[in-house]
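Q: Sharing a structure here in structure tokens format.
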Amino acid sequence: MVYAACVIALLLADDPPRQVLFSPEDPVESVIVREIMGAKKSVDLALYSLSVMQKQPRDLEEEKERYKAGDVSILDALHYAIEQGVHVRVVLDAADKGEWNPKTTAALQGIGITVWTTGATMHQKFAIIDGKTVINGSGNWSTGAFSRYTDDWIVFRGQKEVADAFQDEFDLLLEEGKKVKRIKLPDKEKEDEE
């Protein structure tokens, strides 16, 4: 109950132009979710790693209610943004390789997001929202970074020069990267039967 009250207070508060957060003590994931769900035009993410954490089911009205209660994952927020007509693009390091990123890529593609990957190791961790808000920090977007590890995060709101600098970097990553072909993960039930 206290957590929900804190999230509602965050939702109603005027956002400062700069907000510095430290995990695990600050509600980093809630701030990120709120910024994504408040997007009107675009969300661009450049992330070394994104853990797909999704609450079920994915009914948009239920997502709105869970959002009010502070119980929405980043994937849920991205799904909500897509459904609101927001253009979402994601660049992931090794999006089509390894154990975790292909699962994340498949989940993102499953809700209509085009995913790019880069040729070289890309260790970025930032988001640009509506060309005017930037979220940047040392942590990956994962449960560990939000709840266990000590990472720092800064949100820049309404600072076009900062957003433009990050947008230039994002555009360069797209230019140097490649779109990931649709990833089809093995059907878990078929694997278990064999």
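Q: What's the carbon and sulfur percent of region 88-170's accessible surface, probe 1.4 angstrom, rounded to a whole number?
A: 51
Q: Still on this structure, I have one more. Which of the pairs K132/K179; K40/K132; K40/K178; K41/K132; K103/K184 have their Cα atoms more than 21 Å apart in this structure?
A: Pairs exceeding the cut-off: K132/K179; K40/K178.
The values are calculated or read from the model by the stated rules, or taken from the named source; none is laboratory data. Just so it is clear, the model here is predicted, and its values are computed rather than measured. Protein only, heavy atoms only, side chains kept; ligands, DNA and RNA dropped before computing areas. Shrake-Rupley method; radii C 1.70, N 1.55, O 1.52, S 1.80 Å.
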